[in-house]
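Notes follow once the structure below has been shown.
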Ligand code: ADP
Ligand code: MG
């Protein structure tokens with residue numbers, strides 16, 4: 001089982017940022033309103049995620065770190081995946097390759113419980129003191145698989161990838177307060193945004209007000225597929241390709257088709273060595289998209305890829321034309 005978990009970890013956990021993604025998604029699934037992420041050495045030596053979500057009862061804490069033990073998947077749910085986690089692979093994978101400690105307090109419990117898994121060896125659950133919600137600590141990522149450790153980039157690069165993941169999840173969840181801190185970085189806080197303009201407020205927090213001032217709202221629909229968000233004007237661009245944010249049914253994705261459609265939309269209005277800046281949300285019937293392509297879940301497969309491509313290219317070109325580009 002430990003060997004299987006180590007292999008699965010290779011699929012799910014590539015780097016500190018993958019751990020942060022899995023842990024923050026778990027916190028979101030637990031209904032957290034506040035999530036705090038803390039790292040050291042770009043997340044290589046420490047990743048800590050604290051949430052104020054529902055918590056885990058003591059007897060379920062031991063199960064949570066077992067393979068394929070998820071509280072989230074029901075039989076006819078496979079094509080209608082609302083919660084972010086649905087494989088029950090993240091925690092056992094992390095426990096197989098790092099030092100994992102989970103401390104959690106569920107409302108039905110008189111006190112918290114804590115559980116440790118280090119290189120697959122389990123310890124606990126034992127009574128602990130914790131105010132509420134869940135705290136997960138991951139230390140020394142890949143200490144149990146030194147070969148994988150060598151593939152990590154510099155602390156700075158890994159730390160930047162962590163920042164990128166938190167920004168994406170923060171954009172997807174404007175009503176949740178996020179804090180990102182650590183000995184390796186300055187503290188960033190995104191206050192909870194609410195009301196009708198919550199998304200705009202969060203976009204301004206994450207992307208900066210200069211982006212919002214140099215972007216136009218997008219809202220287009222084709223055959224039940226909706227595209228909305230903010231597209232930076234062609235005059236507002238970056239020299240790198242890290243500023244294009246896509247979300248499909250509320251989950252952050254990094255998808256080749258979407259990126260290529262975006263390049264197509266900007267092709268005639270943007271200099272060739274420049275990159276657009278955009279935050280775009282696609283909403284469609286969950287049966288029209290497969291988010292289950294890869295365990296890391298960043299890729300998606302659309303049933304009608306041409307429709308989605310046409311919507312992006314058409315929708316954005318209309319916005320640029322109206323803005324005089
Ligand atoms: P998945 O998210 O796919 O279900 P995980 O391995 O990420 O699998 O988590 C296993 C289980 O542990 C979850 O289904 C959930 O019941 C519980 N869990 C994990 N993290 C949290 C958290 N922060 N708050 C509450 N429950 C959690
Ligand atoms: Mg999960």
Identify all residues within the range 7-31 that are surrounded by 20 or more Cβ atoms within 10 Å (Cβ to Cβ) and more than 13 Å from ligand 2 (Cβ to nearest atom); write none if there are none. 9, 15, 16, 17
Within the range 32-48, the residues that are part of a strand (DSSP E or B) and crowded, with 24+ Cβ neighbours inside 10 Å are 35, 37, 39, 47
Considering only the range 89-121, how many residues are touching a helix residue (DSSP H, G or I) at 6+ places or on another chain (Cβ under 7 Å) and part of a strand (DSSP E or B)? 6
With respect to the numbered conditions (1) under 26 Å from residue 265 (Cα atoms); (2) under 20 Å from the mean Cα position of the chain (by Cα); (3) not in a helix (DSSP H, G or I), which one is the sole condition not fulfilled by residue 192? (1)
Which is under 19 Å from the mean Cα position of the chain (by Cα) and assigned to a loop (DSSP other than H, G, I, E, B), of 141, 171? 141
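Let's see how each residue does on (1) more than 30 Å from residue 26 (Cα to Cα); (2) out of contact with any helix residue (DSSP H, G or I) (no Cβ under 9 Å at 6 or more places or on another chain):
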| position | (1), (2) |
| --- | --- |
| 265 | yes, no |
| 280 | no, no |
| 285 | no, yes |
| 289 | no, no |
| 300 | no, no |
| 314 | yes, no |
| 317 | yes, no |
| 322 | yes, yes |
Name the strands (runs of 3 or more DSSP E) wholly inside the range 207-300 in which the number of residues that are modelled with pLDDT of 90 or more is 3 or more. 215-222, 225-232, 244-248, 278-283
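The values are calculated or read from the model by the stated rules, or taken from the named source; none is laboratory data. This one's a predicted model, so the numbers in the text were calculated from it and none came from an experiment. Positions of Cβ are generated from backbone atoms using ideal geometry, with glycine treated the same way; all protein chains shown enter the neighbour counts.
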